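Structure first, then comments.
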Amino acid sequence: MQANEATILLVDDEPTIVRMLKKVLEKEGFAHIDTAATGEEAIAACDSRSYDYIVLDVMLPGQSGFEVCPKLRQRTDAPILFLTARSSDLDKLSGFALGGDDYVTKPFNPLEVAARIKAKLRRVVKFAEGPSTQGVYDFGRFRLNELAGELTVEDRRIPCPAQVFQLLLFFCKHPNRIFNKQELYERVWGESSFSDDNTVMVHIYRIRERIERNPAEPELLVTVRGLGYKLVRGGNDDV
């Protein structure tokens with residue numbers, strides 16, 4: 001997806017940050033940018049328009065970004081990047097657990113935000129109308145349809161945020177191959193300089209929550225100790 005095609009929602013109550021981000025994004029080619037100063041405004045915006053990417057501040061008046069994120073997830077699968085002054089691993093993990101896909105710690109370089117958005121949009125799933133037999137990965141318990149952007153587990157469609165979908169899609173395209181965290185970050189997120197072990201680990205768990213019978217004892221997306229992760233077609237291959 002090209003920058004000039006993408007719709008972006010910036011959610012922050014600090015006008016200077018919003019103006020700065022919007023100005024930089026416009027210079028980087030983004031032409032469709034909406035803003036919201038509160039969580040309530042963000043929810044209303046997602047009710048009235050479809051977005052390709054959301055930048056969400058954690059410290060908002062009223063409902064915090066962490067409180068708003070699950071409500072946005074009910075309305076959109078767009079990647080959500082948290083802007084946060086909190087830098088602890090617990091805060092970052094909390095954001096991922098609530099449905100976020102990425103984070104930037106304040107103070108930040110707006111060009112980094114633009115780079116992350118571009119990297120994500122380059123990997124956005126292209127949705128197609130109607131059924132297709134291409135791009136369908138069947139692993140028995142679950143099926144992933146790349147063109148339709150759908151995950152089906154035991155014949156039930158399961159909601160899947162964009163970044164979780166992209167990581168699972170990568171594994172589906174490379175079954176029975178082991179990838180370490182750094183390789184996964186570089187090949188799925190696309191920006192090696194932003195690598196973060198927690199990001200990969202949380203998204204691995206979010207996949208397991210969807211496709212495994214018991215996420216604590218994975219049988220499909222397994223850990224190969226000391227080497228990384230691989231997607232298998234059945235049986236517990238942990239070693």
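The values are calculated or read from the model by the stated rules, or taken from the named source; none is laboratory data. All values derive from a computational prediction rather than experimental measurement. As a convention, Cβ positions derive from the backbone with ideal geometry for all residues, glycine included, and neighbour counts pool all protein chains shown. Only protein heavy atoms, including side chains, enter the accessible area calculation; ligands, DNA and RNA are left aside. Shrake-Rupley method; radii C 1.70, N 1.55, O 1.52, S 1.80 Å.
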Computed lengthening from Q2 to R122, 0.36 nm per intervening residue step minus Cα-Cα distance
42.4 nm
Using the crude model of +1 on Lys and Arg Cβ and -1 on Asp and Glu Cβ, and no other charge, please compute the dipole size for the stretch 145-229 relative to its Cα centre, in debye to 20.
100
XL table K71/K106; K23/K118; K71/K120; K118/K173; K181/K230; Cα-Cα > 18 Å flagged, in table order, is K71/K106; K71/K120; K118/K173
What residue among G29, P110, F96 has its Cα farthest toward the positive end of the dipole of the stretch 3-126, where the charges are +1 on Lys, Arg and -1 on Asp, Glu, each on the Cβ?
G29
Cα gyration tensor category, rounded, prolate or oblate, for the stretch 136-231 with a/c compared to 1.5:
prolate
Looking only at the chain, where both bridge partners belong to it, what percent of the DSSP beta bridges are antiparallel (to the nearest 5)?
45
Compute, for the chain, the length of the dipole vector about the Cα centre, with Cβ point charges of +1 (Lys, Arg) and -1 (Asp, Glu) only. Units Debye, rounded to 20.
520
When the accessible area of the stretch 3-126 is split by element with a 1.4 Å probe, what percent falls to carbon and sulfur?
52
Using every alpha carbon pair in the chain, what percent of pairs falls into each 5 Å bin from 0 up to the bin containing the largest distance?
1, 6, 14, 18, 19, 17, 12, 8, 4, 1, 0
Please give, to one decimal in nm, the separation of the simple spin-label points placed at L227 and R75, each 7 Å out from Cα toward the Cβ.
4.5
Dipole magnitude of the stretch 3-126, debye to nearest 20 (Cβ charges: Lys/Arg +1, Asp/Glu -1, about Cα centre):
440
Once you sort the root eigenvalues of the Cα gyration tensor of the stretch 3-126 as a ≥ b ≥ c, which label holds: rounded (a/c under 1.5), prolate (a/b larger than b/c) or oblate (the other case)?
rounded
Pulled fully out, how much extra length does the chain show between A216 and I178, if you take 0.36 nm times their separation in residues and subtract their Cα-Cα distance?
11.8 nm
By how many nm would the segment from A115 to H32 grow when fully extended, if each residue of separation counts as 0.36 nm and the alpha-carbon distance is taken off?
28.2 nm
